[in-house]
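Participant: Quick one: the structure is below, and I'll ask about it shortly.
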Amino acid sequence: MTKQAVIFGTGSLAEVIDFYLAHDSPYRVAAFTATGDFVGQPQFLGRPLVAFEEVETRFPPDTYEMFVAVGYRHLNRLREQYCSAARTKGYKLLTYLSSKATHWGDTMLGDNVFIFEDNTIQPFVKIGNGAILWSGNHIGHHSSIGPSCFISSHVVVSGHCTVGDRCFIGVNATITDSVVVGNDNIIGPGALIQKSTSDGEVHVAERAKKLPKDSSKFLR
Ligand SMILES: CC(C)(COP(=O)(O)OP(=O)(O)OC[C@H]1O[C@@H](n2cnc3c(N)ncnc32)[C@H](O)[C@@H]1OP(=O)(O)O)[C@@H](O)C(=O)NCCC(=O)NCCS
């Protein structure tokens, strides 16, 4: 059965979320909503764009569910705040799990969760409200991803890990087994985390080294 949804957001993330819902979910996006300056036009992607302050008058929560398509700005706090505001208005926040993700059907998913293709989610995993898992991550057994996290792509979270609230984990980062990542951490692309971290920490990996010769000198 088709379900109706409103997306909060007018950026490329909103466009991507709309695409995935249209191609791989029972949801059809009827409208978009945003705050302040982001409501410059009456339409977005050919559908109504309405101010968040009055969205419930035209697209009421008894008929429409909502997804807050806000990325990791302000370390995921904006998405967290708007999810909270949407719940206060009475909206159910929809959750999407790609049909192209691998899982065992037992994953505990919060609301406003979005899980893209090629995620492998092992048994006994919990994923908190508002978490976004971009494509291709491995989430090991008995691990939990905290509310409002943003997990980029090709991240490995090994078994028995706990990732705290609002963490950003960059592409190709690795968290080894049983590690606890504190709240509000930034784990940069390619970082290897083998020991537990405290709240608010930032970990980055070494960048690639630039050789002092140009590419014409190689692969001869
Ligand atoms: C760490 C990070 C989150 C900081 O983001 P930001 O606030 O936008 O800041 P910048 O990327 O401009 O980096 C600011 C400074 O942090 C430091 N820094 C960032 N990454 C670093 C690294 N790997 N090694 C050393 N210093 C680093 C540098 O001082 C840098 O300044 P510089 O670029 O002039 O050297 C960002 O660098 C990053 O790694 N983003 C994730 C990329 C990713 O995985 N994207 C996928 C999204 S789907």
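Participant: Once neighbouring chains are kept in place and the probe is 1.4 Å, which whole percent of the accessible area of the chain is contributed by carbon and sulfur?
Facilitator: Heavy-atom surface of the chain belonging to carbon and sulfur, 1.4 Å probe: 53 percent.
Participant: Label-point separation (nm) for residue 37 and residue 100, each offset 7 Å from Cα along Cα-to-Cβ?
Facilitator: Taking the two extended label points, one gets 3.5 nm.
Participant: Taking only protein heavy atoms and a 1.4 Å probe, what accessible area per residue, in Å², does the chain have with all protein chains in place?
Facilitator: Heavy-atom SASA per residue in the chain reads 52 Å².
Participant: Also: Compare 94, 219, 192 by solvent-accessible area with a 1.4 Å probe and give them largest first, with all protein chains kept in place.
Facilitator: So the residues, ranked largest to smallest area, are 219, 192, 94.
Participant: On the principal axes of its Cα set, how long, how wide and how thick is the stretch 3-88? Give whole Å, largest value first.
Facilitator: Extents along the principal axes: 30, 27, 25 Å.
Participant: Here's something else I'd like to know. Mind ordering 39-50, 74-85, 15-26, 166-177 by average Cβ neighbours within 10 Å, highest first?
Facilitator: 166-177, 74-85, 15-26, 39-50
Participant: Quick check: pseudo-label points 7 Å beyond the Cα along Cα→Cβ at residue 120 and residue 45, how many nm apart are they?
Facilitator: Once both label points are built, they end up 3.0 nm from each other.
The values are calculated or read from the model by the stated rules, or taken from the named source; none is laboratory data. The structure presented is a predicted model; accordingly, all values stated were derived computationally and were not measured. No Cβ is skipped: glycine too gets one built from the backbone with ideal geometry, and neighbour counts run over all protein chains shown. When the accessible area is computed, the model is the full protein with side chains, heavy atoms only, and any ligands, DNA or RNA have been set aside. Shrake-Rupley method; radii C 1.70, N 1.55, O 1.52, S 1.80 Å.
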